[in-house]
Structure formats: C-alpha cells, structure tokens
Amino acid sequence: MHSFGHRANAVATFAVTILAAMCFAASFSDNFNSATPTASVKILNINWFQKEANGNDEVSMTLNISADLSSLFTWNTKQVFVFVAAEYETAQNALNQVSLWDGIIPAKEHAKFLIHTTNKYRFIDQGSNLKGKDFNLTMHWHIMPKTGKMFADKIVMTGYRLPEQYR
Ligand SMILES: *[C@@H]1O[C@H](CO)[C@@H](O)[C@H](O)[C@H]1NC(C)=O
Ligand SMILES: *[C@@H]1O[C@H](CO)[C@@H](O)[C@H](O)[C@H]1NC(C)=O
C-alpha cells in the first residue's frame with residue numbers, strides 16, 4: 001500500500017518534470033524560428049472625411065490589406081491576433097494610435113490573406129488634427145503560444161497622408 005502510493009507519486013512527479021521540460025523546449029525552440037512576415041496596406045478610397053458636430057475629425061476609408069503571416073506559425077502557435085492601426089503625431093500626443101481593423105488567425109492555412117474592407121473601427125481624432133495629416137499604417141500581431149510567453153511585433157508602413165480638405 002505504502003509503496004504503491006509512493007511509486008504513483010514518483011511517476012506523477014516524473015511526468016510533471018517531463019512536461020515542464022517539453023514546455024520549456026517548445027517555447028525555447030520558437031526562438032530559433034526566423035519568421036519573415038510580409039504585409040501591405042493600400043488605401044483604395046477615402047469614402048468621406050468630415051468634422052463631426054462635436055469638433056472631432058473622422059475619416060472613412062477603403063483598405064486593401066494583404067499579408068502573409070504564415071511564417072509566424074510553428075507547432076507551438078495556438079493563434080495569432082492581428083490588427084491594423086493608423087499612427088500619427090499631434091501637438092498633444094507623440095503617438096496617436098487608432099485601430100482600423102483586426103482579426104484572429106486560427107491556423108497557418110489562414111495566415112495568407114487579402115482583405116478588401118472599409119475601416120471596421122471608426123477613425124476619429126480627438127480634435128481637428130486630420131487635415132493633410134501624415135500618418136503610418138502598422139500591422140501588429142500578437143502570437144498566442146500553446147505554451148510559453150506571448151510574443152508581439154509589427155510591420156510599419158510609412159508615407160500615407162490624409163486629404164487637405166473635408167469631402
Ligand atoms: C490589393 O493588394 C494586392 C496585393 O498588393 C494586389 O494584388 C491587389 O491587386 C490589390 N487589389 C486592389 C483592388 O487594389
Ligand atoms: C512613421 O514611422 C517612422 C518609422 O518608424 C517614424 O520615424 C515616423 O515618425 C512615423 N511617422 C508618424 C507620422 O508617426
């Protein structure tokens with residue numbers, strides 16, 4: 001009796017040790033995966049651009065988002081959360097970040113995509129700073145692993161500018 005309990009405990013401890021070692025190896029081996037994600041976002045159209053009654057600028061645009069994030073996937077990847085944001089500077093803030101679109105990529109087979117969409121979330125400035133504003137579009141991703149720590153990175157696309165006039 002006594003020795004059976006002892007042995008079961010030893011087996012359980014051994015199993016937990018193996019599991020911990022495998023988890024460590026899994027997250028460690030991820031570091032050797034040299035990912036080469038690509039992304040491109042084009043503004044196909046400015047649908048409208050106006051000042052709201054409350055004085056805040058808002059713009060609606062149609063985007064062509066294409067990306068190949070398949071290299072982010074390893075056997076340790078559960079899913080990847082991805083979002084596209086407009087980033088710009090104003091006198092008040094060094095970085096204003098407005099999320100325009102997001103999605104969850106559940107598997108490597110879905111990691112290469114082309115999406116033609118109007119901005120899913122409203123592009124509103126807290127003020128009237130958007131006329132002729134230079135901005136960047138960034139694609140951010142958060143890799144949710146099966147085990148180990150989450151990893152985030154982004155691709156910055158520069159050189160976008162909003163119209164000089166409301167329309
Ligand atoms: C969207 O972007 C992709 C990749 O850059 C390109 O092949 C496609 O022609 C674009 N679509 C439109 C409607 O511009
Ligand atoms: C756009 O990104 C570049 C490179 O990261 C950065 O130097 C620049 O300040 C950014 N521009 C804006 C308007 O945020």
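Readers should treat all values here as calculations from the given coordinates under stated rules, not as data from a laboratory. For clarity, every value in this text was computed on a predicted model and none was experimentally measured. Virtual Cβ from ideal backbone geometry, glycine too; neighbours counted across all protein chains shown.
Whenever a residue of the stretch 75-99 is on the phi > 0 side of the Ramachandran plot, it has no partner that is part of a loop (DSSP other than H, G, I, E, B) and within 9 Å of ligand 2 (Cβ to nearest atom) lying with C-beta atoms less than 7 angstrom away and at least six residues away or across chains. Within the option set GLY132, GLY159, GLY103, being more than 16 Å from LYS42 (Cβ to Cβ) and within 16 Å of ligand 2 (Cβ to nearest atom) holds for one residue only, GLY132. On the given criteria, is GLY127 among the small types (Gly, Ala, Ser) and either in contact with a helix residue (DSSP H, G or I) (Cβ under 6 Å, 6 or more places away or on another chain) or not in a loop (DSSP other than H, G, I, E, B) (or both)? It is false that GLY127 is among the small types (Gly, Ala, Ser) and either in contact with a helix residue (DSSP H, G or I) (Cβ under 6 Å, 6 or more places away or on another chain) or not in a loop (DSSP other than H, G, I, E, B) (or both).
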